[in-house]
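As structure tokens, the structure follows; a few thoughts come after it.
The values are calculated or read from the model by the stated rules, or taken from the named source; none is laboratory data. In this text the structure is predicted, and so the values were computed from the model without any measurement. No Cβ is skipped: glycine too gets one built from the backbone with ideal geometry, and neighbour counts run over all protein chains shown.
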Amino acid sequence: MSRSHYTKLQRRFGRVLTDCERYYMEGALRSGAHVAKAVNDKVSAQRSAPLLASVGQGKMASGGGARSRERAAFEREIEILLSTPDRGQERETAEGLRRKLRFLSFLPHFTEVKGKDVPLTPAVMDPGFYDGPTGYKMTDQPKLRDCLTEVMKKKEFRGMKVALVDLTKDVGQPQLIAHLPKEQVFAASVPKIAPMLAAFQLCHDLRVARDQKKAKTLDELFDLVRDDWAGTQHDPGGKATPFTRGVSLRGRLVLVPSGKVALGEPKAPRLENVIAPAPAGGAVKIEFRSTGEDKAKLREIIEGFNEPAEARKKLKEARRKGNGSGIKDAQKRLAEAEKKFPEFKKKLEALGFLERMRVMMGGQVPASNFATSTIVHDLGYLYIASTLLQSGLYDTNRKGGLWLGADYWRTEWRGPLAGGSSQSATAGSLAAFMTLLMQNRLVNAPASVEMQALMKKEPNPTHPGIVSWFKEGLLDLQNQGSLKTVLSKLGVVSKVYDCAFIEREVDTGKGIKVLRYVAVGLEAGKKDQLKALILDLDKCILANNGLTPQQGGHP
């Protein structure tokens, strides 16, 4: 056992140990047995010894009942720190961290740049169209610029927030054009991409910590990173350092004009729920916990979970039509669905983290919403917010961005630091997210590829999903748009939202040209508006690449 436990325990107590406490600590360190037993044995053997009397000035020796309570509390602290790790202790460690996390802070995050891990900052996450620290650099290509200007004059698109990024020529040199890119708006299910990103960020950060700290087991690694996270709550005092507009840092604590930002539950990552256990004696691998369900099995669970909601829709429709037999059939269907619902809810909860993330990104509500709540609770709001802020995807300098401060089921922490809904985004931030994703720069290349797989529209080999209205619009083109790849996150409430990466082939008459672009459309009044919008945006991409609408399959 290492004497560094002194330092660790003092940090936990927030003070230097008294002589009496050090005495108990020595007893535990000298004994190879279970700590509680070691302390008990040592105290029992020395109960009348002069040594115990000699430390009477120590805190625990003052007062009979108080002394016993303090000694018991201290022994529990030592046991948590030094006893052989087990599942119960891990939960205590996680619970201790949860109690200490009170305010929003910056956790240690890393991203891979040219094969090296570097601290995550907004500066290293520029997708190629940031204009300094505050703006978006719009393309100077007149065909793209003028085309979007004309599109947004149409009455049907009035009020929508739109961004278009042409990646056809070079994914590393994106050409952005946007309309109202900085307006923070409620975005329904689109911000579910935030916990997805945070999950992959967590895995990468754990790998970096494993390598830096030379952790030999997952238990050791989890303990070390939890210590690091708890350390971000330390307030050194003094002057704060500006970070972005209205946001500053004192130590690792985030400050806004009103002061520190209080955290809400859930706070800390539940690492044992996220990360797969490592085999005894094996290498410390960092992988998502998985239970291995395939697409068919996930569909069965999703449909069973969603059946009560579907039955209620049928019942409502039957009542609206005044269909007596239809009402009776719908009532029977609803009763059967509600009877089976607890079984499917339990099955969804029992899925591995990876499978629940697939249900979340597949988007079939209400199962997707419930799965999202479990993912958010396993990650905690702190990890999500810290990732979004340090990546610059939420940036008050650009009036906001991608934000998630709710779990889509029952809990809500807060809205963005500069104001807005707890489930919100800007068109500019979503364009940045999708561009970075296709540049393989979100976290690192392997993580980006895995996130692309989660966002892939049907046909998808791993999980069922819903439509993309952008994809549906392009299917109306000749040869169904000759689509190769569509990645998308859709949102639907009273308004509809879509952000997507589109890859499709165009026969130029001299060969095949592959178009690649990112499209974002927020706050459309109905799905047909998004379907019409993508057709117009596609024409802009064609024009920017020297092609006519007819060559692109438009009528």
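Details
- Residue in the stretch 182-206 that is nearest to LYS399 (Cα to Cα), counting only those that are in contact with a Phe, Trp or Tyr (Cβ under 9 Å, 6 or more places away or on another chain) and of a type in the set (D, E, K, R): LYS182
- Selection count, the stretch 393-420, where residues are touching a residue at least 60 places away in the same chain (Cβ under 8 Å), closer than 22 Å to GLY521 by Cβ and in contact with a strand residue (DSSP E or B) (Cβ under 9 Å, 6 or more places away or on another chain): 11
- In summary, ARG99 fulfils each of the numbered conditions (1) outside any loop (DSSP other than H, G, I, E, B); (2) within 21 Å of ALA230 (Cα to Cα); (3) at pLDDT 95 or above with the single exception of condition (3).
- The set of residues in the stretch 279-293 that are in a loop (DSSP other than H, G, I, E, B) and in contact (Cβ under 8 Å) with a residue 40 or more places away in the chain comprises VAL284, ILE286, GLU287, ARG289, SER290, THR291, GLY292, GLU293.
- Criterion (within 27 Å of the chain's Cα centre (by Cα), modelled with pLDDT of 95 or more, under 20 Å from GLU220 (Cβ atoms) and of a type in the set (S, T, N, Q)) met by exactly one of ASN306, ASN273: ASN273
- Subset of the stretch 360-377 (residues that are buried (at least 24 other Cβ atoms within 10 Å of the Cβ) and under 12 Å from the mean Cα position of the chain (by Cα)): MET360, MET361, THR372, ILE375, VAL376
- Residues considered: LEU530, LEU535. Of these, the only one that is over 18 Å from ASP146 (Cα atoms), aliphatic (A, V, I, L, M) and crowded, with 18+ Cβ neighbours inside 10 Å is LEU530.
- Pick from the stretch 448-505, criterion among the acidic types (Asp, Glu) and within 24 Å of LYS297 (Cα to Cα), ranking: surrounded by the fewest Cβ atoms within 10 Å (Cβ to Cβ): GLU458
- Of all the numbered requirements in (1) under 15 Å from ASP395 (Cα atoms); (2) of a type in the set (A, V, I, L, M); (3) loosely packed, with under 14 Cβ neighbours inside 10 Å, MET125 misses one, and that requirement is (3).
- Selection of the stretch 246-261 for residues being assigned to a loop (DSSP other than H, G, I, E, B), out of contact with any helix residue (DSSP H, G or I) (no Cβ under 7 Å at 6 or more places or on another chain) and within 20 Å of TYR381 (Cβ to Cβ) yields GLY251, ARG252, SER258, VAL261.
- Test for SER424: is it farther than 15 Å from ALA198 by Cβ and of a type in the set (Gly, Ala, Ser): yes
- Residues (of a type in the set (S, T, N, Q) and in a loop (DSSP other than H, G, I, E, B)) located in the stretch 395-413: THR411
- Any hit, the stretch 397-416, residues being under 20 Å from LYS295 (Cα atoms) and basic (Lys, Arg): no
- For the stretch 224-245, filtering for residues that are surrounded by fewer than 19 Cβ atoms within 10 Å (Cβ to Cβ), out of contact with any Lys or Arg (no Cβ under 6 Å at 6 or more places or on another chain) and assigned to a helix (DSSP H, G or I) leaves 3.
- Residue selected from the stretch 107-140 under the condition assigned to a loop (DSSP other than H, G, I, E, B) and hydroxyl-bearing (Ser, Thr, Tyr), by the criterion nearest to PRO269 (Cα to Cα): THR121
- Scan of the stretch 372-396 for residues that are farther than 23 Å from LEU206 by Cα and touching a helix residue (DSSP H, G or I) at 6+ places or on another chain (Cβ under 8 Å), ordered by number: ASP395
- Meets criteria (surrounded by 16 or more Cβ atoms within 10 Å (Cβ to Cβ) and under 25 Å from the mean Cα position of the chain (by Cα)) for VAL518: yes
- Test: residue in the stretch 133-151 that is under 26 Å from the mean Cα position of the chain (by Cα), at pLDDT 95 or above and crowded, with 17+ Cβ neighbours inside 10 Å: yes
- Residue ID - farthest from ILE177 (Cα to Cα), chosen from residues in the stretch 421-448 that are assigned to a helix (DSSP H, G or I) and in contact with a strand residue (DSSP E or B) (Cβ under 6 Å, 6 or more places away or on another chain): MET438
- Selection within the stretch 526-540 - in contact (Cβ under 8 Å) with a residue 40 or more places away in the chain and either farther than 19 Å from VAL506 by Cα or not β-branched (Val, Ile, Thr) (or both): LYS527, GLN529, LEU530, LYS531, ALA532, LEU533, LEU535, ASP536, LEU537, ASP538, LYS539, CYS540
- Residue match in the stretch 233-250 (condition: touching a residue at least 12 places away in the same chain (Cβ under 8 Å), basic (Lys, Arg) and over 30 Å from SER468 (Cβ atoms)): yes
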